[in-house]
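> One structure follows; several queries about it will come next.
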Amino acid sequence: MVDTDDEIDALENFPEDQENDDKTISEEEIQKYYDVETHISKPFRVKNGTVPINILEFDYSFSYDCQKYFNFCVADPNTIIFASGNIIHFLDVTTKKIWFRRGATGGGIGHIIKNPTFNHIAIGENGIDPPIIIYDWPSMEIITRLLGGTKRQYSHLHYSSDGLLLVSQGANPDYFITIWKWQESKILLQCKSHSQSVFNVMFSTFVPGSLISCGSGHIKFWRMAQTFTGLKLKSESGRFGRTEISDIIGAYQMPDKKVLSGCEWGNILLWDEDLIKFEISKRNKEFCHTKPIVQFEYINAELFTVGR
């Protein structure tokens, strides 16, 4: 883990982000991806393998990856989607019926997210140059496919509150943060997010063009800014100061632009711009949670926290 704020700055001397108009997919490419059957992975075997390729038949999955952050997606009031390995699970919480679908690449599932405005489900795949596939819900017909966001794995996806932009966070080796105009299958902005694992990235609910990313020993505050040379993605790293540097999983930007985040010991950190203003605990200096806070929800002027 990085030990000081100065070392964080030294590691983050990354190139400027850039607009990516040249990464738009042609209409013919988009159209061919509409074949759903070609986006369900099939069995494969090694070269010169002798075992019959269909020796096993999938019957049922009892798996749930409890070590995976943000592994529940609420598709509708009755249906929850979650991933385990390369299998996407669909659970009807009223009937307890569960059904399954293989991922597209065979390399596993990175993250699943529901669009807040459209009846769409976005699934970030893992593998070699993996896609983000946006499906219509509940038909699971393919709306579009996004390429070029990461080389091997997606750790998190999030939609803007109006559902028109999608942000993706790549994992090792590139750690790219990418903002998509998904309706055009186009990368709007892309740059390296950090030099260590990034667990979470999100648009602000209240401040258009504002984002937060956080992960191993860091939190970053992003804004989309119009400059003389075009739209840019600018960032500031959070400075822990006298507070012990911590991995951060959950974060949330409040209406007044201040940011709440969790920390490894279970308290809430209140950030004002790039500095910690307060550390919030229970009475008698008891921790808010016994484990890190992974999620914040702000509903009807009440704040809810979810611990790991």
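The values are calculated or read from the model by the stated rules, or taken from the named source; none is laboratory data. Nothing here was measured: the structure is a model prediction, and the numbers come from that model. Every residue, glycine among them, receives a Cβ derived from its backbone with ideal geometry; neighbour counts consider all protein chains shown.
> Residues in region 147-164: is at least one of a type outside the set (S, T, Y), touching a helix residue (DSSP H, G or I) at 6+ places or on another chain (Cβ under 8 Å) and under 23 Å from H89 (Cα atoms)?
Filtering region 147-164 down to residues of a type outside the set (S, T, Y) leaves 147-149, 151-153, 156-158, 162-164.
In the following step, the residues that additionally are touching a helix residue (DSSP H, G or I) at 6+ places or on another chain (Cβ under 8 Å) were identified as 147-148, 164.
Imposing the further condition that a residue be under 23 Å from H89 (Cα atoms) reduces the set to none.
So far as region 147-164 goes, no, none of its residues is of a type outside the set (S, T, Y), touching a helix residue (DSSP H, G or I) at 6+ places or on another chain (Cβ under 8 Å) and under 23 Å from H89 (Cα atoms).
> Something else: Mind listing whichever residues of region 81-99 are at positive phi and of a type in the set (D, E, K, R)? I'd like the intermediate steps shown before the answer.
As a first pass, look at region 81-99 and keep what is at positive phi: 85, 96.
Matches in region 81-99: K96 only.
> If you check Y159 against the conditions, is it aromatic (F, W, Y) and touching a Leu at 6+ places or on another chain (Cβ under 9 Å)?
Values: aromatic (F, W, Y): yes; touching a Leu at 6+ places or on another chain (Cβ under 9 Å): yes.
The answer is yes for Y159.
> Between residues in region 56-74 that are touching a residue at least 12 places away in the same chain (Cβ under 8 Å) and residues that are of a type in the set (G, A, S), which pairs lie under 6 Å by C-beta distance while being six or more apart or on different chains?
Close Cβ pairs (under 6 Å, with a partner that is of a type in the set (G, A, S)) amount to S63/S84; Y64/S84; D65/S84.
> So which residues in region 256-281 are outside any strand (DSSP E or B), touching a strand residue (DSSP E or B) at 6+ places or on another chain (Cβ under 6 Å) and surrounded by 15 or more Cβ atoms within 10 Å (Cβ to Cβ)? Spell out the reasoning first.
The first filter runs over region 256-281 and keeps only residues outside any strand (DSSP E or B), leaving 256-258, 262-267, 273-274, 281.
Applying the additional criterion that residues be touching a strand residue (DSSP E or B) at 6+ places or on another chain (Cβ under 6 Å) yields 258, 262-263, 267, 274.
Within region 256-281, G262, C263, N267, D274 qualify.
> Same structure, new question: Of (1) in a helix (DSSP H, G or I); (2) at pLDDT 95 or above, E37 satisfies all except one. Which?
Checking E37 against (1) in a helix (DSSP H, G or I); (2) at pLDDT 95 or above, the one that fails is (2).
> Is at least one residue of region 230-251 under 18 Å from the mean Cα position of the chain (by Cα), in a loop (DSSP other than H, G, I, E, B), farther than 30 Å from D136 by Cβ and in contact (Cβ under 8 Å) with a residue 60 or more places away in the chain? Spell out the reasoning first.
Let us first name the residues in region 230-251 that are under 18 Å from the mean Cα position of the chain (by Cα), namely 233, 235, 247-251.
Still in the running and in a loop (DSSP other than H, G, I, E, B): 247-250.
Narrowing the set further to residues that are farther than 30 Å from D136 by Cβ leaves 247-249.
Now drop any that are not in contact (Cβ under 8 Å) with a residue 60 or more places away in the chain, which leaves 247, 249.
The answer is yes, given that some residue of region 230-251 is under 18 Å from the mean Cα position of the chain (by Cα), in a loop (DSSP other than H, G, I, E, B), farther than 30 Å from D136 by Cβ and in contact (Cβ under 8 Å) with a residue 60 or more places away in the chain.
> F304 is checked against (1) surrounded by 11 or more Cβ atoms within 10 Å (Cβ to Cβ); (2) assigned to a strand (DSSP E or B); (3) of a type outside the set (S, T, Y); (4) without any contact (Cβ under 8 Å) to a residue 24 or more places away in the chain and fails just one. What number does that condition carry?
Here F304 meets the rest and fails (1).
> Moving on. So which of F82, F100, F70 is surrounded by fewer than 16 Cβ atoms within 10 Å (Cβ to Cβ) and either aromatic (F, W, Y) or in a strand (DSSP E or B) (or both)? Walk me through how you get there before you give the answer.
Values: F82 fails: surrounded by fewer than 16 Cβ atoms within 10 Å (Cβ to Cβ); F70 fails: surrounded by fewer than 16 Cβ atoms within 10 Å (Cβ to Cβ).
Within the list F82, F100, F70, the selection yields F100.
> Here's a follow-up. For region 156-213, name all the residues that are surrounded by fewer than 24 Cβ atoms within 10 Å (Cβ to Cβ), touching a Lys or Arg at 6+ places or on another chain (Cβ under 9 Å) and part of a loop (DSSP other than H, G, I, E, B).
L164, L165, A171, N172, P173, D174, Y175, S185, S204, F206, V207, G209
> Shifting gears a bit: Name the single residue, out of those in region 239-255 being within 13 Å of N200 (Cβ to Cβ) and of a type in the set (V, I, T), that is surrounded by the fewest Cβ atoms within 10 Å (Cβ to Cβ).
I249
> Go through region 54-97 residue by residue and tally those that are of a type in the set (V, I, T) and within 19 Å of Y135 (Cα to Cα). Before you say what the answer is, go through the steps one by one.
Of the residues in region 54-97, the ones of a type in the set (V, I, T) are 55, 74, 79-81, 87-88, 93-95.
Filter once more, so that each one left must be within 19 Å of Y135 (Cα to Cα): 74, 79-81, 87-88.
Matching residues across region 54-97 total 6.
> Within region 229-282, track down each residue that is polar (S, T, N, Q) and within 16 Å of V306 (Cβ to Cβ). Give the derivation first.
Filtering region 229-282 down to residues polar (S, T, N, Q) leaves 229, 235, 237, 243, 246, 253, 261, 267, 281.
Listed by number, the residues that qualify are S261, N267.
> Can you name the number of the only condition in (1) of a type in the set (A, V, I, L, M); (2) closer than 20 Å to S197 by Cβ; (3) out of contact with any Lys or Arg (no Cβ under 8 Å at 6 or more places or on another chain) that V294 fails?
Unmet condition: (3).
> Exactly one of these conditions fails for N284: (1) on the phi > 0 side of the Ramachandran plot; (2) touching a strand residue (DSSP E or B) at 6+ places or on another chain (Cβ under 9 Å); (3) not in a loop (DSSP other than H, G, I, E, B). Give me its number.
With (1) on the phi > 0 side of the Ramachandran plot; (2) touching a strand residue (DSSP E or B) at 6+ places or on another chain (Cβ under 9 Å); (3) not in a loop (DSSP other than H, G, I, E, B) applied to N284, the lone miss is (2).
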